[in-house]
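A quick write-up on the structure given underneath.
The values are calculated or read from the model by the stated rules, or taken from the named source; none is laboratory data. Since the model is a prediction, treat every value here as computed from it, not as a measurement. Cβ placement follows ideal geometry from the backbone for every residue including glycine, while neighbour counts extend to all protein chains displayed. Note: accessible area is taken over every heavy atom of the protein model, side chains too, but ligands, DNA and RNA are not part of it. Shrake-Rupley method; radii C 1.70, N 1.55, O 1.52, S 1.80 Å.
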Amino acid sequence: MITIRNVIRDREPYSVRENVTVLEAAQYMAGRKVGGVCVLDEDGRLIGLLTERDLLNSIVLPRLDPANVPVSEAMSKVQAVIEMTDTPEEALERMELIGRRHLPVVDGERWVGMLSMRDILRVEVNEQGDELKLLHEYISH
């Protein structure tokens, strides 16, 4: 059984501190080609999320200057998290329930990373590819 631990195993945990500007966070996200980051307090505790949707609704539409707005004013509250031992299916259900495409990943009380809808799709495609390969081998013999 694939768990979230398997999905994010070799990935850098993307995050920003609450006191950086939205512009700095957006540059960080763009440089890593990610659509969302976790926001951490000074002690490294998870306090929110900043996603492209947050940037659009909190900064772009109200025409605010991202260089003058701290991330803490644009971020979303954490609505749900996913445990390292949970499955991609459980993550997808949780994402659908809260209407978000990103979930912070925790190991007990400790924040360890971010899971995106893209990560789950990648797992599904890989599993289907493996199934098709097995079926093809079965038919060929």
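Between ASN19 and LEU56, the modelled labels are 3.2 nm apart [label points 7 Å from Cα along Cα→Cβ].
Report, to the nearest whole %, how much of the accessible area of the chain belongs to carbon and sulfur atoms, 1.4 Å probe, protein only. Write out the running numbers ahead of the final one.
Values: 4570 of 8890 Å².
The C+S portion of the solvent-accessible surface of the chain is 51 percent.
Based on the Cα atoms of the chain, what semi-axes does the equivalent ellipsoid have, where each is the square root of 5 times one gyration tensor eigenvalue, given in whole Å with the largest first? Provide the component values of the computation, followed by the final result.
Working: eigenvalues 220, 53, 32 Å².
The equivalent ellipsoid of the chain has semi-axes of 33, 16, 13 Å.
Summing charges over all other residues whose Cβ lies under 13 Å from the Cβ of ARG11, with Lys and Arg as +1 and Asp and Glu as -1, gives +3.
Given a 1.4 angstrom probe, what's the average accessible area per residue across the stretch 33-120, in square angstrom?
Accessible area per residue: 54 Å².
The string of couplings for the stretch 108-123 from the Karplus curve (6.51, -1.76, 1.60, θ = phi - 60°) is x, 8, 9, 6, 10, x, 9, 10, 10, 4, 4, 4, 5, 4, 4, 4 Hz, one whole number per residue in order, with x for Gly and Pro.
Quantify how much of the Cα-Cα distance distribution of the stretch 1-84 extends past 14 Å, in percent. Let's see the in-between values first.
Numbers: 2211 of 3486 pairs.
The share of Cα pairs beyond 14 Å in the stretch 1-84 comes to 63 percent.
Stretching ASP65 away from GLU12 to a fully extended chain increases their span by 16.2 nm, per 0.36 nm per residue minus the current alpha-carbon distance.
In this label model, THR85 and ARG118 are separated by 3.0 nm, measuring between points 7 Å along each Cα→Cβ vector. With θ taken as phi - 60° and the Karplus curve 6.51 cos²θ - 1.76 cosθ + 1.60 applied, the whole-hertz 3J(HN,Hα) list for the stretch 64-75 is 8, 7, x, 6, 10, 10, x, 3, 4, 8, 10, 6 Hz, x standing for glycine and proline.
Let me check I've understood the local charge: for GLU93, count other residues with C-beta under 13 angstrom from its C-beta, Lys and Arg +1, Asp and Glu -1. What total comes out?
Details: positive: ARG94, ARG100; negative: ASP86, GLU89, GLU90, GLU96.
Combined, the nearby Lys, Arg, Asp and Glu give -2.
The amide H of TRP111, built 1.01 Å from its N in the peptide plane, has LEU46 as neighbours under 5 Å, considering only residues 5 or more places off or on other chains. Highest mean first, the peptides 57-63, 21-27 sorted by other C-beta atoms within 10 Å per residue fall in the order 21-27, 57-63.
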